[in-house]
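Presented below is the structure to which this report refers.
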Amino acid sequence: MTEEEIHGAGAIAQAGGVAAGRGGIAITGDGNVIGDDSTVQVVKTGRDVFIHYQPLETALTALFGTLRREVATQAPPGTKTDALDKIDDLEQALQDENPDFGIMRYVQEWFKSRVPTLVGALTSVMLHPTVRDRVEKQRDVLQEEIELHRRNLHELEKRVARYGPGETPMHLVIQVDSEERAIGQLESLLGEGENPLR
């Protein structure tokens, strides 16, 4: 394991140069600020601090474990099994590099309506940096796909404009319709990803 040593009072360690899961930082001195978007295990010995970074997948698994324990102890008996199933659905949706916004929204709405006392615990998982990063990446991918379909549609519309009313070849009509439907579906998915926590 690699380590970085930072000494002195008031040191600020953002840990940007230490890859999550491969290193740690030892910080000595008073009034130090430690910050990073990774999940960390902090070990304090007197005035010294040693930080172990967990791999992001491990951090996410740990968060889901905590959420399951909270559901097991706090959910009403009639909803406990369903709540745990919804957590499984959410975890599965987030295992992929491209999270399913629809499942994220569905699980959150389910918790809001049936177990509102646990929405905060669910939100803490969904706001974890690993999840946020994946949501942002997926939004970027969807936006790129929409732009591609819009460019295709624009080119098709230029071709359609060459024909008079009722003279457009059927294959162009079908292609235009296909591009419009693809854009609509992707925009719907993107809309679900705009704020999956609202």
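The values are calculated or read from the model by the stated rules, or taken from the named source; none is laboratory data. As the structure is a prediction and not an experimental result, all values here were calculated from the model. For neighbour counting, all protein chains shown are included, and Cβ atoms are generated from backbone atoms with ideal geometry for every residue, glycine included.
So which helices (runs of 4 or more DSSP H) are wholly in segment 85-198 and hold at least 1 residues that are small (Gly, Ala, Ser) and touching a His at 6+ places or on another chain (Cβ under 8 Å)? Can you show your working first?
On the way: elements: 101-114, 119-126, 129-160, 170-194.
Of the helices (runs of 4 or more DSSP H) lying wholly inside segment 85-198, those with at least 1 residues that are small (Gly, Ala, Ser) and touching a His at 6+ places or on another chain (Cβ under 8 Å) span 170-194.
Pairs only if they're at least six apart or on different chains, beta carbon under 6 angstrom, first in segment 140-154 and without any contact (Cβ under 8 Å) to a residue 40 or more places away in the chain, second surrounded by 16 or more Cβ atoms within 10 Å (Cβ to Cβ); list them, first residue then second.
149/179; 149/182; 149/183; 152/179; 153/179
Name the one entry in 127, 94 that is surrounded by 17 or more Cβ atoms within 10 Å (Cβ to Cβ) and among the hydrophobic types (A, V, I, L, M, F, W, C).
On the way: 127 fails: surrounded by 17 or more Cβ atoms within 10 Å (Cβ to Cβ).
None of the others qualify; the one that does is 94.
Per-residue answers, yes or no, for (1) outside the structural domain of residue 191 (by TED's automatic domain parsing); (2) among the charged types (D, E, K, R); (3) surrounded by 15 or more Cβ atoms within 10 Å (Cβ to Cβ):
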| residue | (1), (2), (3) |
| --- | --- |
| 138 | no, no, yes |
| 145 | no, yes, yes |
| 153 | no, no, yes |
| 156 | no, no, yes |
| 161 | no, no, no |
| 166 | no, no, no |
| 171 | no, no, no |
| 174 | no, no, no |
| 178 | no, no, no |
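Which residues, counting only those in segment 62-83, are free of Cβ contacts under 8 Å to residues at least 40 places away in the same chain and surrounded by 15 or more Cβ atoms within 10 Å (Cβ to Cβ)?
Step one: list which residues in segment 62-83 are free of Cβ contacts under 8 Å to residues at least 40 places away in the same chain, which gives 62, 65, 68-69, 72-73, 76-83.
Correct list: 68, 79, 80, 83.
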